[in-house]
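Engineer: The structure that follows is given in the form of structure tokens.
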Amino acid sequence: MREKILTFIERNSRIDLKELAVILGVDEVTVAQELKNMEEEHIICGYHTLINWDKTGVEKVTAMIEVRVTPQREMGFDKVAERIYNYPEVNAVFLISGGFDLMVTLEGKTLREVSQFVTDKLSTLDSVLSTKTNFILKKYKDHGTVMAGAPKDERMSITP
Amino acid sequence: MKNPLSKEIVMIPPSGIRRFFDIVSEMEEAISLGVGEPDFDTPWHIRDEGIYSLEKGRTFYTSNAGLKELKIEIAKYLSRRFELEYDYNQEILVTVGGSEAIDIAMRAMLDPGDEVLIPQPSYVSYEPCCRLANGKPVIIELQAENDFRLTKEELEAAITPKTKILVLPYPNNPTGAVMERHDLEAVAEVVSAHDLFVLSDEIYAELTYVGGKDHVSIASLPGMKERTIVINGFSKSHAMTGWRIGYACGPKVIIEQMLKIHQYAIMCAPTNSQYAAVDALKNGDADVARMREQYNGRRRYLMHAFEEMGLPCFEPFGAFYVFPCIKQYGMSSEEFAERLLMSEKVAVVPGTAFGQSGEGFVRISYAYSLDNLKIALERVRKFVSKLQPKSSLG
């Protein structure tokens, strides 16, 4: 049941509780209880809105920064990650396999603002060995959603 | 000038939904719940395989019966999903959708005057295809009180010495009815006793929602394989309507003759669709499950909404249609559908488009996103709340 709820609300967290219960074929109390439990267990960590900022007048740049670090004794990568994610301008931090260690996504108003953060804050951390900043030029698809919107229904309106 | 037309063909009425289609397509802002095909796109990996086959220049005919690789995959699929065992080499024919299979099966099996039992409400092609094959359609009017399942009594009553084929259209379009194993066993007994053949149209086989129970094919029952043609395809299960790809499976003697017609009339099913279909069967099970899950959620949502509106509807266990009863409003299906369209701009299909026994019902498709359904249902709610029930029946 949990998986079904999560699969559904991952794409539409605004759905009415009663409707969700009907769609999943269970009673409302069960759904409400499961949601509450999963929030408490931090399985559900938040309800966000997917925004295409490009379409607004708001100036915004996003960068994905590849960071190589030295893991710290006893703490591994967690401590470094924490030092990085505590900055409010940092959007996401992932531990990554492959050529580098942490993937940090960062939002700022301008290129300068983002690069300043990288040079002043990120690179100067003791355990950070190197950084590579990639600016996002265009977002095509995010969280499984195509930013351009769903294509128009092109089916014939009535078919047998 | 001679009459250029065949009298037989002219006698066949055009599809009952045509008139509606013409109105809806002219109407701005109309929401249609009248579509008989999935709203999902064909899963990308399947499309990709179709594209790849074009890139590779696979643009030639395949063998008449279809690509060997595809026939092998179909045999494997039918075995793992529905306990059907077919020899890919002699008992499977790849067709241009399930529609072609219906047509050529009738033509391969009927002599003039042979009777074909067609339970209705059902898909619109059986009756004309039977006539085109010089058969005589005999309609069995299915009953709402039986959940639109075919009973052995109804079947018995329709059989004459001339009866040759029973069309078995389950899971059913337009009612959403299914036949469970015990229903099929009862029918199979009568079919065997009267030495009939079954044309089992199982195009919606993947879309059943009975508590964990999968579709049962009548051909999987003891003694039935040799008297059944199973028709299936990719249109509904894999959202591949436009690819026009389906298949028929059955006894070698029948498939052989169907192949002959197919060979002369069609040559072979579209080659790139065949390559795409191979991928659908090899790698598409998860997609089918995902779509089924979504249909099921919408189905529950619709049933619930009808209940709230006071629109009686038996619970459909298959396909992607609900078939609510509108008899309480004292008007015909056609009138109901037309008034709903004119006043609230929602298009549904009158039950009578699928046979006279569909009178008093309308077909509502849930091959639409939930958001779409929500808006449409709100309009339907508004419409029925203004109608006075004419009787307490319901």
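Engineer: Could you identify the single residue in B:A269, B:A219 that is part of a loop (DSSP other than H, G, I, E, B) and either modelled with pLDDT under 95 or buried (at least 19 other Cβ atoms within 10 Å of the Cβ) (or both)?
Structural biologist: Working: B:A219 fails: part of a loop (DSSP other than H, G, I, E, B).
When all the criteria are applied, what remains is B:A269.
Engineer: Considering only residues that are among the hydrophobic types (A, V, I, L, M, F, W, C), more than 25 Å from B:Y247 (Cα to Cα) and part of a helix (DSSP H, G or I), look in the stretch B:23-66 and name the one that is nearest to the other protein chains (Cβ to nearest Cβ). Even if it seems obvious, please write down each step before you answer.
Structural biologist: Quick first cut of the stretch B:23-66, residues among the hydrophobic types (A, V, I, L, M, F, W, C) only: B:23-24, B:27, B:30-31, B:33, B:35, B:40, B:44, B:46, B:51, B:54, B:60, B:65.
The next check asks that each one be more than 25 Å from B:Y247 (Cα to Cα); those that pass are B:23-24, B:27, B:30-31, B:33.
Still in the list and also part of a helix (DSSP H, G or I): B:23-24.
On the way: B:I23: 9, B:V24: 5 Å.
It comes out as B:V24.
Yes/no matrix, rows are residues, columns are (1) in contact with a Ser or Thr (Cβ under 8 Å, 6 or more places away or on another chain); (2) buried (at least 19 other Cβ atoms within 10 Å of the Cβ); (3) of a type in the set (D, E); (4) farther than 22 Å from B:M240 by Cα:
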{"site": "B:N3", "(1), (2), (3), (4)": "no, no, no, yes"}
{"site": "B:I9", "(1), (2), (3), (4)": "no, no, no, yes"}
{"site": "B:P14", "(1), (2), (3), (4)": "no, no, no, yes"}
{"site": "B:V24", "(1), (2), (3), (4)": "yes, yes, no, yes"}
{"site": "B:W44", "(1), (2), (3), (4)": "no, no, no, no"}
{"site": "B:S53", "(1), (2), (3), (4)": "yes, yes, no, no"}
{"site": "B:T62", "(1), (2), (3), (4)": "yes, yes, no, no"}
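Engineer: Find all pairs meeting these conditions: Cβ atoms under 9 angstrom apart; at least six residues apart or on different chains; first residue within the stretch A:28-43 and touching a residue at least 24 places away in the same chain (Cβ under 8 Å); second residue among the aliphatic types (A, V, I, L, M) and loosely packed, with under 13 Cβ neighbours inside 10 Å.
Structural biologist: If the second residue must be among the aliphatic types (A, V, I, L, M) and loosely packed, with under 13 Cβ neighbours inside 10 Å, the pairs left are A:T30/A:M1; A:V31/A:M1; A:V31/A:L17; A:E34/A:M1; A:L35/A:L17.
Engineer: Return the residues of the stretch B:75-127 that are within 14 Å of chain A (Cβ to nearest Cβ) and more than 18 Å from B:K252 (Cα to Cα); say none if nothing qualifies.
Structural biologist: Passing the criteria: B:G97, B:G98, B:S99, B:Q120, B:P121, B:S122, B:Y123, B:V124, B:S125, B:Y126, B:E127.
Engineer: From B:E308, B:E335, grab the single residue that is part of a helix (DSSP H, G or I), more than 23 Å from B:E37 (Cβ to Cβ) and within 14 Å of chain A (Cβ to nearest Cβ).
Structural biologist: On the way: B:E335 fails: within 14 Å of chain A (Cβ to nearest Cβ).
One residue alone meets the criteria, B:E308.
Engineer: Next question. Can you name the residue in the stretch A:16-26 that is surrounded by 14 or more Cβ atoms within 10 Å (Cβ to Cβ) and of a type in the set (A, V, I, L, M, F, W, C) and, of all such residues, is nearest to A:H143 (Cα to Cα)?
Structural biologist: Ranking the candidates gives A:L20 first.
Engineer: Condition first: hydroxyl-bearing (S, T, Y), over 19 Å from B:N283 (Cβ atoms) and more than 24 Å from the chain's Cα centre (by Cα). Now tell me which residues in the stretch B:48-87 satisfy that.
Structural biologist: B:T59, B:Y61, B:T62, B:S63
Engineer: Can you pull out the residues in the stretch A:1-14 that are surrounded by fewer than 17 Cβ atoms within 10 Å (Cβ to Cβ) and under 20 Å from the mean Cα position of the chain (by Cα)?
Structural biologist: Within the stretch A:1-14, A:E3, A:L6, A:T7, A:E10, A:R11, A:N12, A:S13, A:R14 meet the criteria.
Engineer: Only residues that are free of Cβ contacts under 8 Å to residues at least 24 places away in the same chain and either under 18 Å from A:S115 (Cβ atoms) or surrounded by 12 or more Cβ atoms within 10 Å (Cβ to Cβ) (or both): list them for the stretch A:80-91, please. Lay out the reasoning, then the answer.
Structural biologist: Of the stretch A:80-91, the ones free of Cβ contacts under 8 Å to residues at least 24 places away in the same chain are A:81-82, A:85-86, A:88, A:90.
Within the stretch A:80-91, A:A81, A:Y85, A:P88, A:V90 qualify.
Engineer: Related question: Is it the case that the stretch B:359-367 has a residue that's of a type in the set (S, T, N, Q), closer than 28 Å to A:N12 by Cβ and either touching a helix residue (DSSP H, G or I) at 6+ places or on another chain (Cβ under 7 Å) or assigned to a loop (DSSP other than H, G, I, E, B) (or both)?
Structural biologist: Just the residues of the stretch B:359-367 that are of a type in the set (S, T, N, Q), to begin with: B:365.
From what's left, closer than 28 Å to A:N12 by Cβ: B:365.
From what is left, the residues that are either touching a helix residue (DSSP H, G or I) at 6+ places or on another chain (Cβ under 7 Å) or assigned to a loop (DSSP other than H, G, I, E, B) (or both) are none.
No, there is no match, as no residue in the stretch B:359-367 is of a type in the set (S, T, N, Q), closer than 28 Å to A:N12 by Cβ and either touching a helix residue (DSSP H, G or I) at 6+ places or on another chain (Cβ under 7 Å) or assigned to a loop (DSSP other than H, G, I, E, B) (or both).
Engineer: How many of the residues in the stretch A:72-120 are among the hydroxyl-bearing types (S, T, Y) and touching a Phe, Trp or Tyr at 6+ places or on another chain (Cβ under 7 Å)?
Structural biologist: From the stretch A:72-120, those among the hydroxyl-bearing types (S, T, Y) are A:85, A:87, A:97, A:105, A:110, A:115, A:119; that's our starting set.
From what's left, touching a Phe, Trp or Tyr at 6+ places or on another chain (Cβ under 7 Å): none.
Of the residues in the stretch A:72-120, 0 are among the hydroxyl-bearing types (S, T, Y) and touching a Phe, Trp or Tyr at 6+ places or on another chain (Cβ under 7 Å).
Engineer: Working only within the stretch A:111-160, note down all residues that are part of a loop (DSSP other than H, G, I, E, B) and of a type in the set (S, T, N, Q).
Structural biologist: Within the stretch A:111-160, A:S123, A:T124, A:S127, A:S157, A:T159 meet the criteria.
The values are calculated or read from the model by the stated rules, or taken from the named source; none is laboratory data. Quantities reported herein were computed from a predicted structural model and do not represent experimental measurements. Reconstructed Cβ throughout: ideal geometry from the backbone, glycine too, with neighbour counts over all protein chains shown.
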